[in-house]
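Please treat every number below as a calculation from the coordinates, not as lab data. Computed from a predicted structure; not experimentally measured. Positions of Cβ are backbone-derived with ideal geometry, glycine not excepted, and every protein chain shown enters the neighbour counts.
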Amino acid sequence: MLEISKRNARSWSRIGARALYGTAFSAMASSNQNIIGMSADLGRSSGLARFASEYPDQFINTGIAEQNMVGTAAGLARMGFDVFASTFAPFASLRAGEIVRMNMGYMQEPVKLVALGSGLAMAFLGNSHYGLEDVGVMRTIPGLTIISPADCAEIVKTLLACVGFDRPVYIRLTGAINLPIVYEEDYDFQIGKAVWIRPAQPTTIVSAGSTVGHALQAIKQLEEDGKDVGLLNMHTIKPLDAEAIAHCVASSEQICVIEEHTSVGGLGSAVLQHINEFHPDYKGRVLLHSIKDRYVETGNYAFLLEVNKLDAAGIREFLKESAGVS
Amino acid sequence: MALNSIKEIELRRLIVQTAADCGESAHLGGCLSMVELLNVLFGSVLRHKPNDPLWDDRDIFILSKGHAVLGYLAVLHAYGYFSREKLSTFQQNGSDLIAHPVKKLSLGIESSNGSLGQGLSYGLGMAIGMRKRGQDHRRVFVMMGDGECNEGSVWEAVALAAELGVSNLIAIVDENRHRNDGVNTLYNSAGGPVLADVWRAFGWHVVEIDGHDTEEVHAAYQEILANNEKPGVIVANTVKGKGIGFMEDNNDWHHNRITPKTLETCLEQLDAEASDA
């Protein structure tokens, strides 16, 4: 049921990251009693309602109480359960941020905290619901792994990899329905190991989450015009894959970091900091293409990607205007 | 097991001596107010093995009012978790025994605390987990302060524990009626809510006692443990700074340094109390 195939990739893409999370979690947990799902009253909004009613012993709705959800999840994780606790990204990272810090950081309880609807996916619900600062906040917590899957197939791979993974993880789900497909067949997914979608070129994109798919579309269009751009899927934002960055540095004159996150503290900051520390002699340049440090205008998801130039057309425009690739 | 294999007065001596020896400020008032509550718990209620701190069938204790760590460390030492020499590293550079608990199972410290309002959620998760594992006989005890009950996250956990009927979760509120800045005016003030009533309103089994009367404390634990349906809370009326006259109800001793001269006074008072008893 969770195999990576063309057919599944298409049907998963249609329902999008949030519903696919519920589907994939339910498939995993229904055959493994050690897995517990938790939600701060967003089970219905993430495809978990049916699981909650069919497997009441493996699901806890804490009510609209994200702080207690994370603390209780930590206690359950301490007892050896694989706990996946989910709520919208700003509530998981900022509302419950200090509980994450104490329980998943300081005590390293291996909770899997699933941030739903991160980036701009909450669309008309507005900035109160957007997840544009979450990577920045979560990155500062020592010992916390941060994974941002590129598409629905990678969400499945991430969840499977997290079962039995004895460390705390923040899983950042981005993108809405009709999430662009990156993977149509099975591939090797390892936490902390970035995946090359296109080999490194003089211009290479490093991205994570939904923007990987949009960048891939832009690259395919450029390839039709005979232009090659590299694409690295840095699904694990923390810890960064140092080997993959070293390869970028060795092979590329320009490293373009593209993400659905504010320019402050996200993947772009992580890559810059890493290169500054470990490749101080890098002669190329690092360009960030992300969301400016502001609260953004509101609209549907396609509109938001368009005005923030994070859809395929916007990424092409960025590559042309800022990176000189056209 | 004897009701009081360790004397409360010995624990108070350890607290003031260790505080004085470290040469730094310590949270004395909130340590001294919970001595009886903690001593009865570790002496005759908690299922634990100090010589086997990782015993996998043990009960769990969480000091959610983490700033009272010195009282907790004194108890852990007195019951044999670690040596007097180890206790003497309290608030020394590089020591793992600092002003708030840092999780270290080999020392009997089950949880890192210091940020108030978090221990009950963590304990709730463990209590639920014990039940899911079929270990219903194991209990989780969470020591809290009434000042800590100002935190909203406390009530998130209180509500969920009641809804789920997690009866192996036991909270103890050391209600000394003070917080950092003085009297805890959010509860028990004229016209305001009575803290025990708030817990009761959420559906907890509430036992109100004098937190310095060891027989009452012991009976309260027995009553709570006899109840198998609801989570239980002991709301213990206590005196901040209990046992050292000039510290009692004196919030200057919420967090303060004991000089060698002050230590002499403290020990004289405790000696006088011991000879009266």
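Taking just the C-alpha trace of chain B, give me its Rg and Dmax in Å.
17.6, 54
Going by how many other beta carbons lie within 10 Å of each one, how would you line up A:CYS162, A:CYS256, B:CYS266, fewest first?
On the way: A:CYS162 21, A:CYS256 27, B:CYS266 24.
Ranked by crowding around the Cβ, least crowded first: A:CYS162, B:CYS266, A:CYS256.
Near A:LYS157, which aspartates and glutamates are there with a Cα under 13 Å away, not counting those fewer than 8 places off in the same chain?
Qualifying aspartates and glutamates at Cα under 13 Å: A:GLU3, A:GLU184, A:GLU185, A:ASP186, A:ASP188.
Which residues' amide hydrogens lie under 5 Å from the amide hydrogen of A:GLY117, considering only partners 5 or more residues apart or on another chain, with H built in the peptide plane?
A:LEU173
Could you work out how far helix B:152-164 tilts from the main Cα principal axis of chain B, as a 0 to 90 degree angle to the nearest 10?
Approximately 40 degrees, to the nearest ten.
Explain nothing, just the number: relative contact order of region A:1-90, from Cα pairs under 8 Å at least 6 residues apart, as a whole percent.
Working: 100 pairs, mean separation 27.2, N = 90.
With pairs under 8 Å counted, the relative contact order is 30 percent.
Using a 10 Å cut-off around each Cβ, can you sort B:ASP57, A:ASP82 from fewest to most neighbouring Cβ atoms?
Details: B:ASP57 12, A:ASP82 22.
Exposure proxy ranking, most exposed first: B:ASP57, A:ASP82.
By how many degrees, 0 to 90 and rounded to 10, does the Cα axis of helix A:210-224 deviate from the longest principal axis of chain A?
30
Evaluate peptide A:75-84: per residue, the Cβ atoms of other protein chains within 10 Å of its Cβ; return the mean as an integer.
On the way: counts 18, 8, 4, 9, 12, 3, 5, 0, 2, 0.
Mean inter-chain Cβ contacts per residue within 10 Å come to 6.
Over 5 Å intervals from 0, what percent of Cα-Cα pairs in region B:221-264 sits in each interval?
5, 17, 18, 14, 8, 9, 11, 10, 5, 2, 0
Rank B:LEU116, B:PRO53, B:HIS100 by how far each Cα sits towards the positive end of the charge dipole of chain B (+1 on Lys, Arg Cβ; -1 on Asp, Glu Cβ) and give me just the farthest.
Of B:LEU116, B:PRO53, B:HIS100, it is B:PRO53.
Which residue, A:SER148, A:SER263, A:SER210, has the most motion in a Gaussian network model of chain A that connects Cα atoms within less than 10 Å?
A:SER263
Gap in Å between the Cα centre of region A:254-306 and the Cα centre of region B:9-50?
Between the Cα centres of region B:9-50 and region A:254-306 lies a distance of 51 Å.
Applying a 10 Å radius around every beta-carbon, put B:155-164, B:142-151 in order of their mean neighbour count, most first.
Working: B:155-164: 21.8, B:142-151: 24.2.
Result, highest mean Cβ count within 10 Å first: B:142-151, B:155-164.
Do the sum for chain B: with -39,500 (n - 2.57) for every DSSP H run of n ≥ 4, divided by all residues, what is the mean residue ellipticity at 222 nm, to the nearest 500 deg cm²/dmol?
Working: 10 runs with 104 residues, N = 277.
After summing the helix terms and dividing by residue count, I get -11000 deg cm²/dmol.
Report the residue, chosen from B:ASN184, B:ASN227, B:ASN251, that carries the largest GNM mean-square fluctuation when chain B is represented by alpha-carbon nodes joined by springs under 10 Å.
Highest fluctuation of the listed residues: B:ASN227.
Enter the Cα centre distance for the pair region A:1-20 and region B:94-158, rounded to the nearest angstrom.
Region A:1-20 and region B:94-158 have Cα centres spaced 40 Å from each other.
Taking the Cα centre of region B:8-276 as origin, work out the dipole magnitude from +1 charges on Lys and Arg Cβ and -1 charges on Asp and Glu Cβ, in debye rounded to 20. Let's see the in-between values first.
Values: 23 positive and 37 negative charges, 201 e Å.
The dipole magnitude comes to about 960 debye.
Going by how many other Cβ atoms sit within 10 Å of their own, how do B:GLU10, A:GLU297, A:GLU224 line up, fewest first? Each step should come with its number before you reach the end.
Numbers: B:GLU10 16, A:GLU297 11, A:GLU224 7.
Ranked by crowding around the Cβ, least crowded first: A:GLU224, A:GLU297, B:GLU10.
Any of A:LYS193/A:LYS320; A:LYS112/A:LYS238; B:LYS49/B:LYS103; B:LYS240/B:LYS261; B:LYS103/B:LYS242 with alpha carbons more than 19 Å apart? Name them for me. Walk me through the intermediate numbers first.
Numbers: A:LYS193/A:LYS320 29 Å; A:LYS112/A:LYS238 14 Å; B:LYS49/B:LYS103 17 Å; B:LYS240/B:LYS261 21 Å; B:LYS103/B:LYS242 27 Å.
Exceeds cut-off: A:LYS193/A:LYS320; B:LYS240/B:LYS261; B:LYS103/B:LYS242.
Tell me the Kirkwood hydrodynamic radius of the protein assembly as shown in angstroms, computed as one over the mean inverse distance between distinct C-alpha pairs. Before the final figure, lay out each step's value.
On the way: mean 1/r = 0.0384 Å⁻¹.
Kirkwood hydrodynamic radius for the protein assembly as shown: 26.0 Å.
Ignoring everything except DSSP H segments at least 4 long, calculate the 222 nm mean residue ellipticity for chain A; use -39,500 (n - 2.57) per segment, divide by total residues, nearest 500.
Working: 11 runs with 118 residues, N = 326.
Dividing the helical sum by the residues of chain A leaves -11000 deg cm²/dmol.
In peptide A:105-111, how many Cβ atoms from other protein chains are near each Cβ within 10 Å, on average? Write down the numbers at each step before the final one.
On the way: counts 1, 7, 7, 2, 5, 0, 1.
The per-residue average across the peptide is 3.
Can you spot the aspartates and glutamates whose alpha carbon is less than 12 Å from A:LYS292's alpha carbon? Ignore those fewer than 8 places along the same chain.
A:GLU133, A:GLU259, A:GLU260
Per-residue Cβ counts within 10 Å, from other chains only, averaged over A:58-71: what number is that? Mind showing how you got there, number by number?
Working: counts 1, 0, 6, 2, 8, 4, 1, 8, 2, 9, 17, 4, 5, 12.
Shielding by partners across A:58-71 averages 6.
Please report, in debye to the nearest 20, how large the charge dipole of the protein assembly as shown is about its Cα centre when each Lys and Arg carries +1 at its beta carbon and each Asp and Glu carries -1 there.
Values: 51 positive and 71 negative charges, 286 e Å.
Rounded to the nearest 20 debye, it is 1380 debye.
Among B:TYR72, B:HIS212, B:GLY29, whose Cα lies farthest out toward the positive end of the dipole of chain B, if unit charges sit on the beta carbon of Lys, Arg (+1) and Asp, Glu (-1)?
B:TYR72
Counting other Cβ atoms within 10 Å of each Cβ, which GluC sites (Glu not before Pro) in region B:210-254 have at most 12 and sit in a DSSP loop?
Listed in order of number, the matching sites are B:GLU229.
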